[in-house]
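The values are calculated or read from the model by the stated rules, or taken from the named source; none is laboratory data. Predicted model, so just to flag it, every value in this text is computed and none were measured. In this analysis, Cβ positions are derived from the backbone assuming ideal geometry, glycine residues included, and neighbour counts consider all displayed protein chains.
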Amino acid sequence: MAFFVIQGLHKHFGGLVAVRDFSMTIERGEIVGLIGPNGAGKTTLFNVITGFHSPQRGQILFKSKNLVGLGPDKICQLGIVRTFQIVMPFQTLTVLDNAKVAAFCRTRSNEEATQSSMEILEFLGLKDKIHLPAGNLTLSQKKKLEMARALATQPEVLLLDETLAGLNATEIEGMVETVRKIRAEKGVAIVAVEHVMRAVMKISDRIVVMDQGQKIAEGPPQEVVRNPEVIKAYLGEEYGPA
Amino acid sequence: MAWKRNLPYLALLIAILFPIFVRDPYFLHAAIMILFSAYLASSWNIIGGLAGQHSFGHSAFLGIGAYSSTLLLLYLNIPPFLGMILGGMIASLVSIGIGYPCFKLRGPYFALSTLAFTEIFRIVVTTTETIGGIDLRGAAGILIPLRKGNSFLNFQFADKTFYYYIILAMLFLILFIYKRMEKSRLGIFLSAIRDNEEAARSLGISATRYKMIALIVSGFFGATAGTFYAQFFLYIEPILFSSALSIEILLVAIVGGAGTLTGPLIGALMLTPVSEMTRAYLGGTYAGVQLILYGAILVAVMMFAPQGIVPPLSRRYRSLFERRA
């Protein structure tokens with residue numbers, strides 16, 4: 001039984017095709033880097049997978065169950081969760097309550113939710129911030145909170161949308177470590193949309209490259225960056241295959 | 001620290017003793033209206049404040065409650081206290097009908113669609129003289145026959161003090177429920193939906209479902225306020241359904257601080273005396289003055305405390321105490 005399979009996914013908005021016949025698979029506990037120029041359709045792909053948009057064609061099979069047509073809340077309950085490119089903390093709630101919102105996805109008990117939230121916040125180094133309103137955090141803390149919330153839902157697949165964007169070099173180092181730790185300790189499969197190439201190369205087991213809604217390359221990081229199609233997509237025609 | 005923790009009890013004590021020391025019927029009436037506004041705004045605060053869905057249709061529930069219990073009393077002789085609960089249930093059912101289409105919309109579109117609903121109710125009730133043998137009496141409204149003495153069975157009291165304590169108890173109850181709700185799983189979900197619905201949904205929360213629960217609870221309590229109104233004034237009319245009244249309700253909550261426990265009470269303490277005083281001193285002569293004053297207060301609040309009066313106040317006091325500690 002395949003773990004996570006996307007088959008022939010197609011999404012267009014009016015005349016604009018955002019995702020075109022896209023297929024890919026994800027294995028348990030794998031880290032997949034999803035890269036591509038701006039407007040390639042990466043975020044739309046996330047929106048379709050998590051049920052915010054419904055695709056015109058195609059299937060998304062998670063442990064043989066088709067996710068197409070399910071709402072974001074159902075998909076999260078099944079074990080697939082995302083973070084947002086633009087951080088979306090619950091501003092008026094405390095850091096702890098932010099995580100508890102997510103933890104309540106798995107339990108009705110207040111004590112259990114509090115306990116599992118505390119564990120995850122400690123795991124991500126936000127333990128001393130738990131009573132602050134989330135609106136008061138710095139950007140990198142907000143990104144960590146975004147990740148903590150996602151993990152609090154106890155996912156099997158974690159979709160990270162540009163977690164590193166806007167962070168400085170030291171923060172990126174820390175975040176890369178965090179992503180690795182998540183995979184190592186929680187066994188979560190991770191798909192990371194990233195523009196910070198150095199980081200993507202470092203953490204990904206495999207890289208998928210999108211351009212104009214299509215998958216143009218796929219493979220181990222070292223191979224993908226030498227792929228002429230990829231170079232063309234990033235740098236333009238004259239650098240592409242002769 | 002101690003006096004701050006005891007502040008709510010002090011306020012409650014003052015509220016309980018108020019009618020014993022203030023015997024002037026005019027002030028008692030004003031106090032009842034303040035508590036009534038606070039209660040009504042608190043019921044709105046569940047959907048509008050906690051869940052952040054600014055409903056402009058709350059008067060629909062007030063009207064449904066007032067008409068339900070009154071008609072149940074007149075036609076089936078059901079005691080108003082029971083009618084109050086039944087009216088609340090009817091309003092809860094109606095809230096599902098209102099919520100189902102309206103929750104497909106967000107922000108101002110949601111507000112407008114709820115406003116449309118209450119206006120539909122107002123127009124239908126205004127123009128309906130009789131329906132299936134039940135006299136709604138259209139624009140003329142319905143009088144509840146006056147009974148002598150003080151009777152809980154009839155929910156009629158010659159002594160206004162009874163009304164005062166009833167609405168005080170109702171307000172206390174709804175504040176208690178709000179406080180319990182706020183820290184519960186449901187309350188945290190509603191706050192999350194208010195802060196960012198997209199993020200809440202992505203974390204497994206069925207936003208529509210929880211907003212619906214908030215509206216059902218909010219509608220129930222809004223309707224019970226309607227029964228209180230009917231039994232206090234012994235006269236109900238279609239204007240109870242008006243969107244203008246809805247706006248008054250949400251202004252009370254927003255000026256005080258939507259989504260805060262005490263916001264509706266503070267808002268009512270500020271705004272209701274204004275409308276009561278203009279009504280008493282100016283009567284019908286300068287009909288717009290109340291609205292001018294309301295507008296001025298609203299502008300001031302929006303400029304200096306856009307979150308309402310309570311949030312900056314509680315921040316100031318918290319920092320005051322932290323410094324001393």
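Which one of A:144, A:127 is outside the structural domain of residue A:162 (by TED's automatic domain parsing) and touching a residue at least 24 places away in the same chain (Cβ under 8 Å)?
Values: A:127 fails: touching a residue at least 24 places away in the same chain (Cβ under 8 Å).
Criteria check complete, one pass: A:144.
Within the range A:94-115, can you find the residues that are more than 21 Å from the chain's Cα centre (by Cα) and either charged (D, E, K, R) or closer than 11 Å to residue A:154 by Cβ (or both)?
Across the range A:94-115, the qualifying residues are A:97, A:107, A:108, A:111, A:112.
Residue by residue through the range B:62-100, note down the ones that are of a type in the set (Ser, Thr, Tyr) and crowded, with 20+ Cβ neighbours inside 10 Å. Walk me through how you get there before you give the answer.
To start, the set of residues in the range B:62-100 that are of a type in the set (Ser, Thr, Tyr) comprises B:67-70, B:75, B:92, B:95, B:100.
Within the range B:62-100, B:67, B:68, B:69, B:70, B:92, B:95 meet the criteria.
Mind checking whether some residue in the range B:153-163 is facing chain A (nearest Cβ under 10 Å), touching a Ser or Thr at 6+ places or on another chain (Cβ under 8 Å) and not charged (D, E, K, R)?
Filtering the range B:153-163 down to residues facing chain A (nearest Cβ under 10 Å) leaves none.
No, every residue in the range B:153-163 fails to be facing chain A (nearest Cβ under 10 Å), touching a Ser or Thr at 6+ places or on another chain (Cβ under 8 Å) and not charged (D, E, K, R).
Do we have any residue at all in the range A:84-97 that's of a type in the set (Ser, Thr, Tyr) and within 27 Å of residue A:30 (Cα to Cα)? Don't jump to the end; show me each part of the working.
Narrowing the range A:84-97 to residues of a type in the set (Ser, Thr, Tyr): A:92, A:94.
When the remaining residues are screened for being within 27 Å of residue A:30 (Cα to Cα), the result is none.
For the range A:84-97, residues of a type in the set (Ser, Thr, Tyr) and within 27 Å of residue A:30 (Cα to Cα): absent.
Just give me the residues in the range B:195-210 being in a helix (DSSP H, G or I) and surrounded by 24 or more Cβ atoms within 10 Å (Cβ to Cβ), in sequence order.
The initial filter retains those residues of the range B:195-210 that are in a helix (DSSP H, G or I), namely B:195, B:197-202, B:207-210.
Matches in the range B:195-210: B:199, B:200, B:202.
So how many residues does the range A:47-79 have that are part of a loop (DSSP other than H, G, I, E, B) and either within 14 Å of chain B (Cβ to nearest Cβ) or hydroxyl-bearing (Ser, Thr, Tyr) (or both)?
First pass over the range A:47-79, keeping only residues part of a loop (DSSP other than H, G, I, E, B): A:50-56, A:63-64, A:67-71, A:79.
Then drop every residue that is not either within 14 Å of chain B (Cβ to nearest Cβ) or hydroxyl-bearing (Ser, Thr, Tyr) (or both), which leaves A:50-54, A:64, A:67, A:70-71, A:79.
Residues in the range A:47-79 being part of a loop (DSSP other than H, G, I, E, B) and either within 14 Å of chain B (Cβ to nearest Cβ) or hydroxyl-bearing (Ser, Thr, Tyr) (or both): 10 in total.
From the list B:43, B:59, B:37, which one is more than 17 Å from residue B:92 (Cβ to Cβ) and either of a type in the set (Val, Ile, Thr) or crowded, with 18+ Cβ neighbours inside 10 Å (or both)?
On the way: B:43 fails: more than 17 Å from residue B:92 (Cβ to Cβ); B:59 fails: more than 17 Å from residue B:92 (Cβ to Cβ).
Residue meeting the stated conditions: B:37.
Scan the range B:133-192 for residues that are farther than 28 Å from residue B:46 by Cα and in contact with an Asp or Glu (Cβ under 8 Å, 6 or more places away or on another chain) and jot them down.
B:135, B:136, B:137, B:138, B:139, B:140, B:141, B:142, B:150
What residue, of B:36, B:27, is assigned to a helix (DSSP H, G or I) and modelled with pLDDT under 95? Break it down stepwise before answering.
On the way: B:36 fails: modelled with pLDDT under 95.
Selected residue: B:27, the only one of B:36, B:27 that is assigned to a helix (DSSP H, G or I) and modelled with pLDDT under 95.
Of the residues B:258, B:253, only one is outside any helix (DSSP H, G or I), in contact (Cβ under 8 Å) with a residue 24 or more places away in the chain and under 26 Å from residue B:121 (Cα atoms); which?
Numbers: B:253 fails: outside any helix (DSSP H, G or I).
Step by step, each of B:258, B:253 is checked, and only B:258 is outside any helix (DSSP H, G or I), in contact (Cβ under 8 Å) with a residue 24 or more places away in the chain and under 26 Å from residue B:121 (Cα atoms).
Of (1) surrounded by fewer than 22 Cβ atoms within 10 Å (Cβ to Cβ); (2) touching an Asp or Glu at 6+ places or on another chain (Cβ under 8 Å), residue A:89 satisfies all except one. Which?
Every listed condition holds for residue A:89 apart from (1).
Within the group A:164, A:139, which residue is modelled with pLDDT under 95, buried (at least 18 other Cβ atoms within 10 Å of the Cβ) and hydrophobic (A, V, I, L, M, F, W, C)?
Working: A:139 fails: buried (at least 18 other Cβ atoms within 10 Å of the Cβ).
Within the list A:164, A:139, the selection yields A:164.
Just give me the residues in the range B:181-194 being buried (at least 20 other Cβ atoms within 10 Å of the Cβ) and at the interface with another protein chain (Cβ under 7 Å from one of its Cβ atoms), in sequence order.
B:188, B:189, B:191, B:192
Working only within the range A:1-51, note down all residues that are of a type in the set (Gly, Ala, Ser) and at negative phi.
Keep residues of the range A:1-51 that are of a type in the set (Gly, Ala, Ser), which gives A:2, A:8, A:14-15, A:18, A:23, A:29, A:33, A:36, A:39-41, A:51.
The answer is A:2, A:15, A:18, A:23, A:33, A:40.
Any residue at all in the range B:166-179 that is closer than 30 Å to residue A:145 by Cβ and within 14 Å of another protein chain (Cβ to nearest Cβ)?
no
Count, please, the residues in the range B:117-139 that happen to be surrounded by fewer than 16 Cβ atoms within 10 Å (Cβ to Cβ) and either modelled with pLDDT of 90 or more or not in a helix (DSSP H, G or I) (or both).
12
Given the conditions (1) in contact with a helix residue (DSSP H, G or I) (Cβ under 9 Å, 6 or more places away or on another chain); (2) farther than 30 Å from residue A:2 by Cβ; (3) surrounded by fewer than 15 Cβ atoms within 10 Å (Cβ to Cβ), and given that residue A:65 satisfies all but one, which numbered condition is not satisfied?
Failed condition: (2).
Within the bounds of the range A:194-209, is there any residue that is buried (at least 22 other Cβ atoms within 10 Å of the Cβ), within 17 Å of residue A:86 (Cα to Cα) and touching a strand residue (DSSP E or B) at 6+ places or on another chain (Cβ under 9 Å)?
yes
Being farther than 30 Å from residue A:15 by Cβ and outside any helix (DSSP H, G or I) is true for just one of A:135, A:125. Which residue is that?
Among A:135, A:125, only A:125 is farther than 30 Å from residue A:15 by Cβ and outside any helix (DSSP H, G or I).
Being more than 14 Å from the chain's Cα centre (by Cα), assigned to a loop (DSSP other than H, G, I, E, B) and surrounded by 14 or more Cβ atoms within 10 Å (Cβ to Cβ) is the filter here; which residues of the range A:1-38 pass it?
The answer is A:3, A:36, A:37.
Given the options A:179, A:157, name the one that is in contact (Cβ under 8 Å) with a residue 60 or more places away in the chain and under 26 Å from residue A:130 (Cβ atoms). Spell out how you get there, then give the answer.
Numbers: A:157 fails: under 26 Å from residue A:130 (Cβ atoms).
So the residue among A:179, A:157 that is in contact (Cβ under 8 Å) with a residue 60 or more places away in the chain and under 26 Å from residue A:130 (Cβ atoms) is A:179.
Please go through the range B:261-303 and give me each residue that is surrounded by fewer than 19 Cβ atoms within 10 Å (Cβ to Cβ), outside any helix (DSSP H, G or I) and hydroxyl-bearing (Ser, Thr, Tyr), ordered by number.
Listed by number, the residues that qualify are B:285, B:286.
Return the residue satisfying two criteria in turn: it lies in the range A:88-110 and is β-branched (Val, Ile, Thr) and at the interface with another protein chain (Cβ under 7 Å from one of its Cβ atoms), and of such residues it is farthest from residue B:185 (Cα to Cα). So that I can check it myself, show each step before the final result.
Let us first name the residues in the range A:88-110 that are β-branched (Val, Ile, Thr), namely A:92, A:94-95, A:101, A:107.
Now narrow it down to the ones that are at the interface with another protein chain (Cβ under 7 Å from one of its Cβ atoms): A:92, A:101.
Working: A:92: 16, A:101: 8 Å.
Per the stated criteria, the residue is A:92.
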